[in-house]
1. Express the accessible area of the chain per residue in Å², computed with a 1.4 Å probe while the remaining protein chains stay in the model.
2. Find out how many positive minus negative residues lie around ILE387, taking Lys and Arg as positive, Asp and Glu as negative, among other residues whose Cβ is under 13 Å from that of ILE387.
3. Explain nothing, just compute: Karplus ³J(HN,Hα) = 6.51 cos²θ - 1.76 cosθ + 1.60, θ = phi - 60°, for every residue of segment 250-266 in order, whole Hz, x for Gly and Pro.
4. Set Lys and Arg Cβ to +1 and Asp and Glu Cβ to -1, take the dipole of the chain about its Cα centre, and tell me which of ALA303, LEU420, TYR357 lies farthest positive.
5. Using modelled amide H (1.01 Å from N, peptide plane; none on Pro or chain starts), what sits under 5 Å from the amide H of ALA303, excluding residues fewer than 5 places away?
6. Do any of LYS7/LYS142; LYS242/LYS389; LYS107/LYS249; LYS124/LYS329; LYS249/LYS394; LYS242/LYS273 go past 19 Å between their Cα atoms, and which?
7. Name the residues whose placed amide hydrogens come within less than 5 Å of the amide hydrogen of VAL47, ignoring near sequence neighbours (fewer than 5 apart) on the same chain.
8. Below 8 Å, C-alpha to C-alpha, sequence gap of six or more: please give me the relative contact order for the chain in percent.
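The values are calculated or read from the model by the stated rules, or taken from the named source; none is laboratory data. Bear in mind the structure is a predicted one, so any value in this text is a computation, not a measurement. FYI the Cβ positions are ideal-geometry reconstructions off the backbone, even for glycines, and counts take in every protein chain you see. Heavy atoms of the whole protein, side chains included, go into the accessibility calculation; ligands, DNA and RNA do not. Shrake-Rupley method; radii C 1.70, N 1.55, O 1.52, S 1.80 Å.
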Amino acid sequence: MTVKESKSLKVGICGYGTVGSGTLALLQGNAKDIARKTGIKIEVSHVASRSLQVDISGVATCGTDPFAVANDPNVDVLVETMGGFEPAFEVVRQALANGKHVVTANKALIAERGMPLVELAQEKGVTLAYESAVAGGIPVIKALREGLAANRIDWLAGIINGTGNFILTEMMDKGREFADVLIEAQALGYAEADPTFDVEGIDAAHKLTIMASIAFGTPLAFDATYTEGIGALTPEDIAYAKELGYHIKHLGIARLENGWVQTRVHPTLISTKQLIANVHGVGNAVVIHGHAVGSTLYSGPGAGAEATASSVVADLIDIARAKVQGLAKPLVPTLGYTAPRDDLRTLTIEDITTEYYLRITAQDVVGVMADVAGELERFGIGIDAVIQKESDGKNVPIVLLTDKTREGELNEALAAIEALDSVVAPVMRIRVESFGE
Ligand code: HSE
């Protein structure tokens, strides 16, 4: 097909940080190839940014007001790469209300304030695309929403924060300090503007919320997602886990079982034999289990300018192709369903059942191991493996893996263990999971 020079898709980029500038660079650098794939040119006509570090006035009209882009009748698609809730929500709302398509990389916006935007896009018959909001460069939204559409999704689990995975990998491989690795992740453009979003699991919870909504056909429910960060993990836990045959990963897990949905983000021990346990550095990976297909694995770079721009531009290519086809409305509903389910209930974290890694710091006195085992037995919790380390002269770490236990019971057992005279610090508890890949 020859490229029609007269026709183009006009794009306004709002927010010119890592992702916004990466998007322009990718559109420019691969323009011919992209035009061959769409049949029209994708042209960045506007860039709105609080402050431009480089002069791109020869390429696009530049300004500081994103609403000027949202209200410009010549703009077909608004790309929102500003991040945050305001003014992003209002800019996106305005653009959709004006009948423009929107491509956003803003997972917080979609996960926490997405429902009215999804409804507005549907009402206006325009596309609201967000591939880059989840797992950076991995086309996991397309896989889940379109590629696996025939399936009932039973569960999915993923390493969905590149910064966190980069930090855990550097701590494991090089014994580096948490804070030092975080500074490097920020310099590499991986971390959020507020990096506590990365380390406390909020960023991963945003992404999990979006995937769970598509997977189970439920409304976006960020508040229902249990979130625990990686800040309390120590290099010792990473080393003990390895000794037991596990890596510690910060996982997002969503399951639908007997009408109950659970969505949770927390550090997790995974057997080193599982593929997902061996995704390191800034890499992300998501395992999705569909009832017909079984388990499928998607992996790739989860953060960074070029990887994230790859997904933004893929969304733009979809919109350009639809324009060339003259489609009046988007082919695929924004969250993959035409109406959300309301028949499912949410499982609280106390009601999940899994295995646990426990590290108990106790005085090096005779009978302490028997006391700990006795408390676990009292609550019906079996022990699967134990390692007892050398004493530092005063205290001794007792590291063990439990059998499958309901978290509520485990909490009661841990309170009893912490109340023992010989136990000198709060117990470190990490959930253990296994996924058929
Ligand atoms: N801060 C995010 C991460 C960026 O580290 O994964 C990509 O969403």
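1. Numbers: 18500 Å² over 437 residues.
Computed with neighbouring chains in place, this is 42 Å² per residue.
2. Values: positive: LYS242, ARG359, LYS389; negative: GLU236, ASP237, GLU243, ASP384, GLU390.
Charge balance in the 13 Å sphere: -2.
3. Rounded to whole hertz, the list is 8, 10, x, 10, 10, 9, 10, 9, 6, x, 10, 9, 10, 10, 8, 10, 6.
4. About the Cα centre, the residue reaching furthest to the positive side is ALA303.
5. For ALA303, the qualifying residues are GLY137.
6. Details: LYS7/LYS142 27 Å; LYS242/LYS389 14 Å; LYS107/LYS249 21 Å; LYS124/LYS329 9 Å; LYS249/LYS394 31 Å; LYS242/LYS273 11 Å.
Table pairs above 19 Å Cα-Cα are LYS7/LYS142; LYS107/LYS249; LYS249/LYS394.
7. The list, which skips near neighbours in sequence, is ILE13, THR61, CYS62, GLY63.
8. Values: 920 pairs, mean separation 71.4, N = 437.
Once divided by the residue count of the chain, the mean separation gives 16 percent.
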